[in-house]
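Colleague: My questions all concern the structure below.
The values are calculated or read from the model by the stated rules, or taken from the named source; none is laboratory data. Computed from a prediction, not measured in an experiment: that's the story for all the values here. Cβ placement follows ideal geometry from the backbone for every residue including glycine, while neighbour counts extend to all protein chains displayed.
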Amino acid sequence: MGVRSVASADVVMVGAGSAGCVLAARLSEDPERTVLLLEAGPDHREVDLPEELRTLSRPVAWPYNWGDRVASTGGRELNYARGRGVGGSSATNGAVALRPEPEDFDAWPRELGWDRMLAYLNRVENDLDFGAEAYHGDAGPIPIVRHPEADWTSLQRGFVDGCVAAGLEFCADHSRPGSTGVGAIPMNRRGSGRVSNAIAYLEAARDRANVTIWATAMSSAARPCHRAGLDSSPRPPADPGRPAQPGRDAGDRDQRGTATADRRRQHRADRRASGRPGTHRLAVRRRT
Ligand SMILES: Cc1cc2nc3c(=O)[nH]c(=O)nc-3n(C[C@H](O)[C@H](O)[C@H](O)COP(=O)(O)OP(=O)(O)OC[C@H]3O[C@@H](n4cnc5c(N)ncnc54)[C@H](O)[C@@H]3O)c2cc1C
């Protein structure tokens, strides 16, 4: 039942990113519907993930990052990171799982308000710290955890204590509606491993007979649109059979300076973390 041509698929999705992985998994629950997922970047099963995608806080370069640049004020050019490959940006991002606030939905149509959306937010997650609460889920595909206080570094401990001494609330759960203050942020990870949508949604669905994934397949019908004000010529495709070669792949050349700086910063951060993976995250959120 696998799809042999674009024309023979019931649903064709361009981009196997965060949204594409979820849509492919959900739409293919109907065995009668054939789903074709086209992705410009590489594809890896969970067991074959390269280290830069498996572990959080690693710099991610071509072919897993588009290497886009955007024009900013004062003539500056800034990095505009976007994931490339099955999982999209969910496979390269920071795995911070901060929820929207109820009032964020006020501008949405009434039928898509907080009361309705809460059920969907809960359905996504398996909150391993607060799963029993009304505003959390404990049966979704995405594990949510916060770094326990016992694991914080002395710097982090001091930061939180200082914020509390300065009058901020301590916040044990930034996902609690109306929460404010300082505390560990919720993250979608297992240990130091990022749980992307490719892992959470597509991994279990991709062996279905009605799902076909064509990776390293750049669709000319849709193009990355994050090159505002800059060269928009398509990046030469990397050889899908060969791992990225720093300094040789075109995308890497484009962003070599920034990638080197990122790596240096990462090394310094790793050293400071005394051998622990650089994934401890705290947040201060202040409601206005
Ligand atoms: C470095 C980084 C850190 C981030 N940190 C966080 C965080 O901690 N928490 C958080 O909530 N969000 C974070 N985000 C944002 C979040 O990851 C994105 O908003 C989200 O993943 C976007 O999902 P998407 O489906 O719209 O696009 P993407 O996940 O980017 O998917 C788009 C996919 O389409 C593919 N594609 C594009 N053009 C074509 C084409 N022409 N043909 C074929 N395929 C194509 C791309 O390769 C990509 O795989 C981060 C993003 C980045 C890049």
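This table checks each residue for (1) closer than 30 Å to Gly183 by Cβ; (2) of a type outside the set (A, V, I, L, M).
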site: Gly2; (1), (2): no, yes
site: Val22; (1), (2): yes, no
site: Arg45; (1), (2): no, yes
site: Pro63; (1), (2): no, yes
site: Gly87; (1), (2): yes, yes
site: Glu111; (1), (2): no, yes
site: Tyr120; (1), (2): yes, yes
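Matching residues to (1) at pLDDT 95 or above; (2) within 26 Å of Val14 (Cβ to Cβ); (3) buried (at least 19 other Cβ atoms within 10 Å of the Cβ):
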{"position": "Pro63", "(1), (2), (3)": "yes, yes, yes"}
{"position": "Arg76", "(1), (2), (3)": "yes, no, no"}
{"position": "Ser90", "(1), (2), (3)": "yes, yes, yes"}
{"position": "Ala95", "(1), (2), (3)": "yes, yes, yes"}
{"position": "Arg99", "(1), (2), (3)": "no, no, yes"}
{"position": "Pro109", "(1), (2), (3)": "no, no, no"}
{"position": "Asp115", "(1), (2), (3)": "no, no, no"}
{"position": "Leu121", "(1), (2), (3)": "yes, no, no"}
{"position": "Gly137", "(1), (2), (3)": "yes, no, yes"}
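Colleague: Moving on. Is it true that Pro59 is modelled with pLDDT under 95 and of a type outside the set (Gly, Ala, Ser)? Spell out the reasoning first.
Modeller: Details: modelled with pLDDT under 95: yes; of a type outside the set (Gly, Ala, Ser): yes.
When the stated conditions are applied, Pro59 passes them.
Colleague: A further question on this structure: Keeping to the stretch 63-120, report how many residues are aliphatic (A, V, I, L, M) and more than 26 Å from Tyr201 (Cα to Cα). Walk me through it before giving the result.
Modeller: The first filter runs over the stretch 63-120 and keeps only residues aliphatic (A, V, I, L, M), leaving 70-71, 78, 81, 86, 91, 95-98, 107, 112, 117-119.
Restricting the remaining residues to those that are more than 26 Å from Tyr201 (Cα to Cα) gives 70-71, 78, 107.
Residues that pass the stated criteria total 4.
Colleague: Based on what the data block shows, is Gly131 more than 14 Å from Val284 (Cα to Cα) and either of a type in the set (Gly, Ala, Ser) or touching a Leu at 6+ places or on another chain (Cβ under 6 Å) (or both)?
Modeller: When the stated conditions are applied, Gly131 passes them.
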